[in-house]
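This report concerns only the one structure given below.
What follows is calculated from the coordinates using simple rules that are stated; it is not laboratory data. What you see is a predicted model, and the numbers here were worked out from it, not measured in a lab. Cβ: placed from backbone, ideal geometry, glycine included. Neighbour counts: every protein chain shown.
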Amino acid sequence: MKAPERYYDFQKDISGCGVFGVINRKRGLIPGDMPIKAMACMHDRGNGLGGGFAAYGIYPEHADKYAFHIMCDDKRAVEGSERLLRQYFDIHEFEPIPTRKTLAIPDPPIVNRYFVTPRDGGAEDMLDMPEDDYVVAVVMKLNTTVPGAFVFSSGKDMGAFKGVGYPEDIADFFRLDEYKAYIWTGHNRFPTNTPGWWGGAHPFTILNWSIVHNGEISSYGINRRYLCEHDYLCTLMTDTEVVAYELDLLIRKHGLSWDMAAKVFAPPFWDEIERMPEDERELYTALRYTYGSGMLNGPFAILVADNTRLMGLNDRIKLRPLLVAEKDDMIFMSSEESSVREVCPDLDRVWMPKAGEPVIVDVED
Amino acid sequence: MSERKSVTLDAKGIYYKQFNETIREKIREGYTDFVLQNVNGQRYIGTGLEGDLKFEIHGVPGQDMAAFMRGPTMRVHGNVQDGLANTMDAGTIVVEGLAGDVLGYAMRGGTVHVAGDVGYRVGIHMKAYEDNVPKIVIGGKAGDFLGEYMAGGIILLLGMFSGKPDAPIAGRSLGTGMHGGVIYVRGEVPESVLGPNLHTQPADAEDLAVIRGLVEEYASALDLNAEDILGENFVTIRPFSHRPYGNLYVAT
């Protein structure tokens with residue numbers, strides 16, 4: 001439930017972040033009201049310093065183009081980002097992201113979206129790059145070279161919407177009640193180690209990948225350096241950013257399955273590996289040796305999505321809550337059962353997945 | 001004996017703080033028996049309440065239900081989230097569904113019966129003193145770290161009414177660091193899930209009498225047949241010495 005008026009006069013509660021996700025396996029479109037209501041039910045898991053959503057299937061008329069969502073501090077940042085976009089892309093359509101003025105979101109950045117495709121032949125400094133690598137490189141270049149501008153979404157037929165505020169207020173600001181999607185994820189932030197700023201809100205995205213995270217990635221330093229060696233540059237000052245780039249590196253570039261990527265993030269303990277049959281033992285030993293720098297240490301419950309999939313994963317000793325529920329074609333994943341019941345009171349099945357074991361749900365195509 | 005007075009409260013759309021204030025106001029007005037309808041995510045229900053009160057809860061209560069509670073009886077017609085019975089002192093809670101993580105953390109007295117599965121870190125840091133012996137009965141299976149750092153009290157794990165047919169009865173690190181109390185398990189426990197240096201022992205006659213008492217209470221609360229539950233071997237897990245960590249930092 002949404003907090004009542006002047007709730008800030010109440011005593012503060014210490015809390016953690018909250019995550020919610022839903023996927024319709026038949027690609028049935030889910031109105032934005034559902035994830036908004038579910039996140040509002042977990043209002044107290046955040047503190048107003050970050051909220052956001054990712055939605056899949058929202059730009060069907062531009063499904064062949066990369067949808068860039070860019071946030072800018074000022075006009076100069078807008079000009080700088082557009083100059084850079086034109087250098088690398090054909091811009092087919094662009095507009096301010098529709099927003100609503102709301103008292104809860106004071107002083108938002110300028111938010112624009114651009115539907116783009118790489119320019120024929122590519123730009124001189126990025127010749128002969130595979131298309132997705134090219135797009136990733138432009139995102140990195142924009143985030144590191146245009147002061148005050150950040151790309152917060154760069155996938156196809158999907159978009160992230162995020163900022164400083166409670167999730168229900170961010171949804172109100174971005175008019176998410178007007179969108180329909182077959183996968184939604186949502187996040188309510190309670191920043192602990194890093195600033196609560198617009199770029200640092202969840203979800204974090206690159207290409208079609210999105211991630212929302214409750215917890216803390218203590219291995220951020222080593223993960224960040226590992227990614228840097230592979231040309232992914234962290235600029236958003238929040239630990240979770242590394243997961244978005246690791247997904248792209250491990251699954252798209254290295255060809256790991258989602259399941260294996262989950263085992264890189266949350267590997268089995270060595271004593272468990274010892275007890276495995278030989279081929280599995282070899283596999284997990286190799287995985288730990290190869291991707292030691294990609295392992296996520298620290299507590300996490302994460303929801304990861306792309307255009308065909310939703311995955312929930314806990315750290316291997318389950319230091320954050322995660323619940324999965326099923327109703328007909330819909331699968332829900334959430335920090336709290338109440339948030340699911342808020343939007344779907346009758347459920348066919350409810351369970352809490354095992355720590356370190358991914359729950360992967362596909363759309364049926 | 002004082003007269004009982006009952007009231008039904010609807011939690012739908014009410015913020016937890018105001019809902020709990022209403023409950024306390026009703027207690028001051030002399031109400032003793034509560035039916036809470038449409039509870040969904042409200043935190044701290046029954047937290048810190050004392051005395052002979054009864055609660056029937058419909059819906060999914062939020063985090064830290066019955067924390068620091070001393071005396072009341074609660075029944076949840078559904079599942080509960082994380083942190084149930086945190087540091088609870090006395091009272092009885094029956095959960096008809098499943099329960100989340102850290103149930104009964106540092107619990108010091110009273111009883112919790114959960115019909116189905118429970119999450120991770122259940123009963124960690126439980127403790128007992130003289131007649132105050134906290135008890136947790138779990139009808140389903142448990143996640144990792146059940147009874148970790150346990151200093152007293154009783155956990156009874158049945159593993160019978162579970163939504164996870166393939167999972168072991170308890171997760172890894174069962175009883176790690178325990179130095180008091182006892183964990184009873186119905187059937188077998190794989191050695192690999194036990195915490196360092198812990199072993200299972202068959203339950204003796206004294207243990208079986210305690211187990212029977214708890215099972216009968218659990219079965220009657222959840223309308224099950226106690227004899228069906230008791231028709232299997234039980235094992236015990238106890239600390240491996242009186243002060244297992246006495247020499248961990250400074251030799252004595």
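Straight distance only, please: which lysines reach the Cα of A:Lys162 with their own Cα at less than 17 Å, same-chain residues fewer than 8 apart left out?
Hits, sequence-local ones excluded: A:Lys37, A:Lys101, A:Lys180.
Return the FRET efficiency for the residue pair B:Asn38, B:Ser6: r is the Cβ-Cβ distance, R0 is 22 Å, and the value is rounded to the nearest 0.05. Could you put the intermediate results ahead of the total?
Details: r = 17 Å, r/R0 = 0.79.
Computed FRET efficiency for B:Asn38 and B:Ser6 comes out at 0.80.
Out of segment B:19-54, which GluC sites (Glu not before Pro) are coil in DSSP terms and have no more than 15 other C-beta atoms within 10 Å?
Values: sites: B:Glu21, B:Glu25, B:Glu29, B:Glu50; in loops: B:Glu29.
Qualifying residues, ordered by number: B:Glu29.
Have a look at the DSSP beta bridges in chain B and tell me what percent are antiparallel, nearest 5. Before the final figure, lay out the partial values.
On the way: 8 of 49 bridges.
Within chain B, antiparallel bridges account for around 15 percent of the total.
May I ask you to give the average projected area over all directions of the convex hull of the Cα atoms of the protein assembly as shown, in nm² rounded to one decimal?
Working: hull surface 122.9 nm².
Averaging across all directions leaves 30.7 nm² for the Cα convex hull.
Using a Gaussian network for chain A with springs between C-alpha atoms less than 10 Å apart, which of these wobbles most: A:Tyr56, A:Tyr166, A:Tyr284?
A:Tyr284
Give me a comma-separated list of calculated 3J(HN,Hα) values for segment A:337-354, in order, Karplus coefficients 6.51, -1.76, 1.60 applied at θ = phi - 60°, integers in Hz, x for any Gly or Pro.
Along segment A:337-354, the couplings run 4, 4, 5, 6, 4, 4, 10, 8, x, 9, 10, 6, 7, 9, 8, 10, x, 5 Hz.
What share of Cα pairs, in percent, lie more than 16 angstrom apart in segment B:1-72?
Working: 1061 of 2556 pairs.
The answer is 42 percent, as a whole percent.
For each of A:Ile36, A:Ile251, A:Ile91, B:Ile183, count neighbouring Cβ atoms within 10 Å of the residue's Cβ, then give the residues from fewest to most. Could the numbers behind the result be given before it?
On the way: A:Ile36 25, A:Ile251 18, A:Ile91 15, B:Ile183 28.
By the 10 Å Cβ count, ascending, the order reads A:Ile91, A:Ile251, A:Ile36, B:Ile183.
Please list the helices of chain A that count as membrane-span-like by this rule: a mean Kyte-Doolittle hydropathy of at least -1.0 together with Cα atoms stretching 15 Å or more along the helix axis, each helix being a complete DSSP H run.
Helices passing the filter in chain A: A:131-145.
Within 10 Å of each Cβ in peptide A:297-303, how many partner chain Cβ atoms are there on average? Round it to a whole number, please. Numbers along the way, then the final one.
Details: counts 0, 0, 0, 0, 0, 0, 0.
Other-chain Cβ atoms within 10 Å of each residue's Cβ, averaged: 0.
Nearest 20 debye, what's the magnitude of the dipole of segment B:1-91 about its Cα centre given +1 on Lys and Arg Cβ and -1 on Asp and Glu Cβ? Don't jump to the answer; show the numbers that get you there.
On the way: 11 positive and 12 negative charges, 23 e Å.
That gives segment B:1-91 a dipole magnitude of about 120 debye.
Can you list the residues, at least 5 places off or on another chain, whose amide H is less than 5 Å from the amide H of A:Lys156, using H built in the peptide plane?
Amide H to amide H, under 5 Å and 5 or more residues apart or across chains, A:Lys156 pairs with A:Ala67, A:Asn208.
For chain B, find the longest principal axis of its Cα atoms and tell me its angle to the long axis of helix B:205-221, 0 to 90°, nearest 10.
30 degrees
If you line up the long axis of helix B:16-28 against the longest principal axis of chain B, both from Cα atoms, how many degrees apart are they, to the nearest 10?
Computed tilt is about 70 degrees.
Please name which of B:Ala209, B:Met126, B:Ile154 has its Cα lying farthest along the dipole of segment B:79-252 towards the positive end, using unit charges on Cβ (Lys, Arg +1; Asp, Glu -1) and the Cα centre as origin.
B:Met126
Taking only pairs that are 8 or more places apart or on different chains, how many Lys pairs in chain B have Cα atoms under 12 angstrom apart? All intermediate terms of the calculation are to be shown ahead of the outcome.
Details: B:Lys5/B:Lys26; B:Lys5/B:Lys54; B:Lys127/B:Lys135; B:Lys141/B:Lys164.
Lysine pairs meeting both conditions in chain B amount to 4.
From Cα pairs below 8 angstrom and at least 6 apart in sequence, can you work out the relative contact order of chain A, rounded to a whole percent?
Details: 849 pairs, mean separation 86.9, N = 365.
Reported relative contact order: 24 percent.
Give the relative contact order (percent, whole number) for chain B; include only Cα pairs under 8 Å separated by 6+ residues. Let's see the in-between values first.
Details: 732 pairs, mean separation 25.2, N = 252.
Here the relative contact order equals 10 percent.
Would you grab the residues whose amide H sits under 5 Å from the one on A:Lys327? Only those 5+ places off in sequence or on another chain, please, with H modelled 1.01 Å from N.
A:Phe332, A:Asp348
What ³J(HN,Hα) values, in whole Hz, does the Karplus curve 6.51 cos²θ - 1.76 cosθ + 1.60 give for segment B:30-47 when θ = phi - 60°, with x put for Gly and Pro?
The phi angles translate into x, 6, 10, 10, 10, 10, 9, 9, 6, 6, 8, x, 5, 7, 6, 5, x, 5 Hz.
Could you give the dipole magnitude of segment A:14-362 about its Cα centre, charging the beta-carbon of Lys and Arg +1 and that of Asp and Glu -1, in debye to the nearest 20?
Roughly 560 debye, rounded to the nearest 20.
Using θ = phi - 60° and the Karplus form 6.51 cos²θ - 1.76 cosθ + 1.60, what ³J(HN,Hα) does each residue of segment A:42-54 get, whole Hz, x for Gly and Pro?
Here the 3J(HN,Hα) series is 9, 2, 6, 7, x, 9, x, 9, x, x, x, 9, 10 Hz.
Using a 10 Å cut-off around each Cβ of peptide A:337-346, what is the average number of partner chain Cβ atoms that fall inside? Spell out each step's value before the answer.
Working: counts 14, 12, 3, 3, 8, 4, 0, 0, 4, 0.
Partner Cβ neighbours, averaged per residue: 5.
In Å, what is the Rg of the alpha-carbon atoms in chain A, and how long is Dmax?
19.7, 61
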